[in-house]
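Before any comments, here is the structure.
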Amino acid sequence: MTKIGLEIHCQLTKLESKLFCPCKADYREFEPNTNICPICIGLPGSLPRLNKKALEKGTVISLALNCKIPEKISFYRKNYFYPDLPKNYQITQFDAYGPTSIGSNGKISIEGKEIRIRRIQLEEDPGRLIYEGSSEKTQITLVDYNRAGTPLVEIVTEPDFENPKQVRIFLNILVDLLENLGVSEPALEGALRADGNVSIEGGNKVEIKNVTSFHDLEKAVHFEITRQQSLVDRGIPVELETRQWDDRRKITVSARSKEEEQDYRYFLEGDIPWVTLDPQHIQGLKNKMPESISSKRDRYVTQYNITEQVADVLSSDKFYSDLFEQAHNETNAKEIANIITTDLMGFVDTNEKRQKLKLNPQHLTDLANVIMTNKITRSSAKIALQEIVNTGKSLSDVISELDLGHVSDESALSEIINQVIKEHGNAVNEIKEKPETINFLVGKVMQKTKGKADPTLTLELLKKKLIS
Ligand SMILES: [Zn+2]
């Protein structure tokens with residue numbers, strides 16, 4: 001049986017400072033090696049201090065993934081040498097004396113299958129290596145420590161996945177969950193990274209590293225299963241090893257024989273004391289947690305009679321569900337949910353467009369209102385929405401500027417209907433035998449008014465003129 005486990009690294013991008021020092025957690029804007037201090041570059045004599053907010057975010061993630069939170073947590077040094085790691089050890093968590101990581105023994109259900117979460121740990125991100133030079137031979141490696149010490153939460157699953165599709169579904173759910181909790185911004189480059197390990201029947205565990213996107217992890221896992229299966233089929237043993245994902249060729253390549261956990265010589269980080277967690281404080285964090293995606297979805301369906309499909313799409317996207325929450329009331333909720341999911345999501349389909357979006361919740365409330373009171377047709381509403389997205393103008397300005405108001409004035413409409421009757425004599429004559437022909441005439445009136453005629457009134461007037 002194929003067994004796949006994941007290690008997901010999530011940067012806590014919403015924090016002000018790094019995990020153990022006052023440098024900025026958001027390192028992306030800085031010139032290389034300017035967002036650093038003696039603590040995060042590991043100068044002798046410097047002492048780390050734990051960021052309380054990072055601890056809280058780690059707690060919230062653990063709670064959301066149904067993990068147990070211990071009474072006390074501790075930190076460990078994971079020893080290894082690599083140029084991006086200035087101290088030659090990474091401060092992380094490790095359950096050497098029972099569970100002392102921020103979370104353990106959690107679970108999350110994906111399409112009826114339970115995925116167990118082994119451990120959630122707080123740790124620091126290393127720095128970054130940057131490769132420059134035009135060819136392999138002239139290439140030089142630069143190191144930038146701005147990222148060193150950035151707060152990370154690592155989520156380690158049990159090897160409960162059986163195929164790449166389950167991996168993809170899990171990662172999608174996890175991205176939505178982390179975004180909904182307000183702890184990370186998945187759209188930021190490098191904010192979410194994942195490693196996988198794959199073993200098939202009769203083979204050793206192979207770790208896949210260096211996968212830069214969640215999308216590629218599914219591909220990497222798929223490639224690895226195929227590679228291992230072909231070895232086993234030919235009677236060649238699958239080695240215990242770490243393989244790198246080659247982003248360009250979309251294959252995994254052998255990197256080194258895998259270190260086991262004991263090779264890292266974990267030992268307690270003596271510079272950070274054990275931290276006792278106050279159950280009341282944890283309860284307080286729990287009470288303040290945002291509503292979960294599944295509870296939001298259920299509420300949208302039961303309270304507002306929104307279809308399950310629309311509720312699903314809306315609840316899993318924090319950006320749009322926040323907009324919905326601010327715009328709706330009991331009566332217009334369904335209409336607003338439909339405007340967002342059928343039109344707005346299409347107009348604003350990239351992160352860049354989200355940033356530039358000029359629309360505010362009041363626009364949505366106004367738009368639902370004019371649709372529900374029949375002051376504007378749905379096709380005109382869509383045109384108005386597009387204009388608001390681009391300009392941020394008020395709905396009433398947009399309606400008058402683009403002349404989108406309904407033709408619901410009876411005499412004006414009556415005149416247009418008379419023209420249509422004159423132009424389509426054949427259809428008019430057919431009505432007695434084929435009453436449904438009247439819909440054709442309604443269509444013609446809509447065409448003439450560019451979709452602005454009130455369809456109910458149009459039908460009523462046509463019937464009055466032609467049938468009675
Ligand atoms: Zn620092």
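The values are calculated or read from the model by the stated rules, or taken from the named source; none is laboratory data. Model, not experiment: these values are computed from the prediction. As a convention, Cβ positions derive from the backbone with ideal geometry for all residues, glycine included, and neighbour counts pool all protein chains shown.
The single residue among PRO164, PRO186, PRO151 that is modelled with pLDDT of 95 or more and assigned by TED's automatic domain parsing to the domain that holds ALA25 turns out to be PRO151.
When ILE431, ILE438, ILE417 are checked against the criterion of being in contact (Cβ under 8 Å) with a residue 40 or more places away in the chain and over 30 Å from LEU364 (Cβ atoms), a single residue qualifies: ILE417. Considered as a group, the residues in segment 169-215 that are of a type in the set (Lys, Arg) and surrounded by fewer than 20 Cβ atoms within 10 Å (Cβ to Cβ) include one that is nearest to GLU352 (Cα to Cα), and that residue is LYS209. Scanning segment 101-111 for residues that are in a loop (DSSP other than H, G, I, E, B) and touching an Asp or Glu at 6+ places or on another chain (Cβ under 9 Å) turns up just one, SER101. Residue pairs whose Cβ atoms lie under 9 Å apart, separated by 6 or more positions or on different chains, with the first residue in segment 34-53 and on the phi > 0 side of the Ramachandran plot and the second within 9 Å of the ligand (Cβ to nearest atom) and assigned to a loop (DSSP other than H, G, I, E, B), are GLY42/ALA148; GLY45/PRO38. When each of GLU136, GLU114, GLU123, GLU154 is tested for being acidic (Asp, Glu), surrounded by fewer than 19 Cβ atoms within 10 Å (Cβ to Cβ) and in a strand (DSSP E or B), the lone residue that passes is GLU114. Here segment 354-382 is the region considered, the condition is being farther than 15 Å from ASN338 by Cα and of a type in the set (A, V, I, L, M), and the residue that is surrounded by the most Cβ atoms within 10 Å (Cβ to Cβ) is ILE376.
Yes or no: segment 101-119 includes at least one residue that is on the phi < 0 side of the Ramachandran plot, in the same structural domain as PHE161 (by TED's automatic domain parsing) and within 15 Å of the ligand (Cβ to nearest atom). No, segment 101-119 contains no residue that is on the phi < 0 side of the Ramachandran plot, in the same structural domain as PHE161 (by TED's automatic domain parsing) and within 15 Å of the ligand (Cβ to nearest atom). Got a number for residues in segment 169-180 being of a type in the set (Asp, Glu) and either in contact with a Pro (Cβ under 7 Å, 6 or more places away or on another chain) or part of a loop (DSSP other than H, G, I, E, B) (or both)? The number of residues fulfilling the criteria is 1. When you check ASN66 against the structure, is it out of contact with any Leu (no Cβ under 8 Å at 6 or more places or on another chain), farther than 27 Å from LEU178 by Cα and not hydroxyl-bearing (Ser, Thr, Tyr), yes or no? The answer is no for ASN66.
Considering only residues in segment 120-148 that are modelled with pLDDT of 95 or more and polar (S, T, N, Q), the one that is nearest to the ligand (Cβ to nearest atom) turns out to be ASN146.
Residues of segment 374-400 that are closer than 20 Å to GLU460 by Cα and not in a helix (DSSP H, G or I): ASN374, LYS375, ILE376, THR377.
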